[in-house]
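Asker: The structure under discussion is supplied below as structure tokens; questions concerning it will follow.
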Amino acid sequence: MVMLSDHAAAVLKLARDRFGDDGLIFPSRNGLMLTDMSLSRMMKLAGRSETVHGFRSSFRDWAAEKLPHVPAMVPEMALAHSVGTAVEKAYLRSDLKALRLQLMTDWGAFVMAGNSKLPFDRS
């Protein structure tokens, strides 16, 4: 189960309003699926040196530095990483849904701090 912050849900709503809801969430200009290199190309065209993997790494670093009270397995689960030893996996029956939702809500607030507009928002 993927946990989305209100900010992420708002981005998806804006995408649906702009692109419709009967196809891809973020289609290319010609309506086809974006390639795995689309975000990398966009970053390069914008003159940025960050990488797509760097976004994921930034999230993990932020969680460790800003939320040290959150168990390390929570952000790892949010990144869809396998967590724990074989013994831990055998005993962990929870998907930590509430903790992951709070984590993603905090991340959304952090990412949007100082930004009054969401992507695709034309208002």
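The values are calculated or read from the model by the stated rules, or taken from the named source; none is laboratory data. Keep in mind that what you see is a predicted model, and the values were worked out from it rather than measured. Neighbour counts run over all protein chains shown; Cβ positions are idealised from the backbone, glycine included.
Asker: Using the structure shown, decide if GLU76 is assigned to a helix (DSSP H, G or I), over 16 Å from the mean Cα position of the chain (by Cα) and of a type outside the set (Phe, Trp, Tyr).
Answerer: no
Asker: Tell me which residues, restricted to region 75-95, are exposed (fewer than 11 other Cβ atoms within 10 Å of the Cβ), over 17 Å from ASP61 (Cα atoms) and not basic (Lys, Arg).
Answerer: If the condition is that a residue be exposed (fewer than 11 other Cβ atoms within 10 Å of the Cβ), over 17 Å from ASP61 (Cα atoms) and not basic (Lys, Arg), then SER82, THR85, ALA86, VAL87, GLU88, ALA90, TYR91, SER94 are the ones that fit.
Asker: Could you count how many residues in region 21-72 are of a type in the set (Gly, Ala, Ser), in a loop (DSSP other than H, G, I, E, B) and surrounded by 11 or more Cβ atoms within 10 Å (Cβ to Cβ)? Working first, answer last.
Answerer: Initial filter on region 21-72 (of a type in the set (Gly, Ala, Ser)): 23, 28, 31, 38, 40, 46-47, 49, 54, 57-58, 63-64, 72.
Within this subset, residues satisfying the condition of being in a loop (DSSP other than H, G, I, E, B) are 23, 28, 31, 46-47, 49, 72.
Pick out the ones that are also surrounded by 11 or more Cβ atoms within 10 Å (Cβ to Cβ) and you get 28, 72.
Adding up the residues that qualify gives 2.
Asker: Return the pairs, sorted by first residue and then second, in which the second residue is modelled with pLDDT under 85 and not hydrophobic (A, V, I, L, M, F, W, C), the first residue lies in region 2-14 and is over 13 Å from VAL111 (Cβ atoms) and assigned to a helix (DSSP H, G or I), the beta carbons are less than 6 Å apart, and the residues are 6+ apart or on different chains.
Answerer: Cβ pairs passing all conditions: LEU14/ASP121.
Asker: Now, a different point. Pairs needed: first member in region 29-52, touching a residue at least 12 places away in the same chain (Cβ under 8 Å) and closer than 20 Å to PHE19 by Cβ; second member anywhere, of a type outside the set (Ser, Thr, Tyr) and surrounded by 12 or more Cβ atoms within 10 Å (Cβ to Cβ); C-beta distance under 8 Å; at least 6 residues apart or different chains.
Answerer: Within 8 Å, the pairs are LEU39/VAL52.
Asker: Say we look at region 103-123 and pick out the residues that are in a loop (DSSP other than H, G, I, E, B) and at pLDDT 60 or above; which of these is nearest to PHE19 (Cα to Cα)?
Answerer: Applying the filter and picking the extreme gives LYS117.
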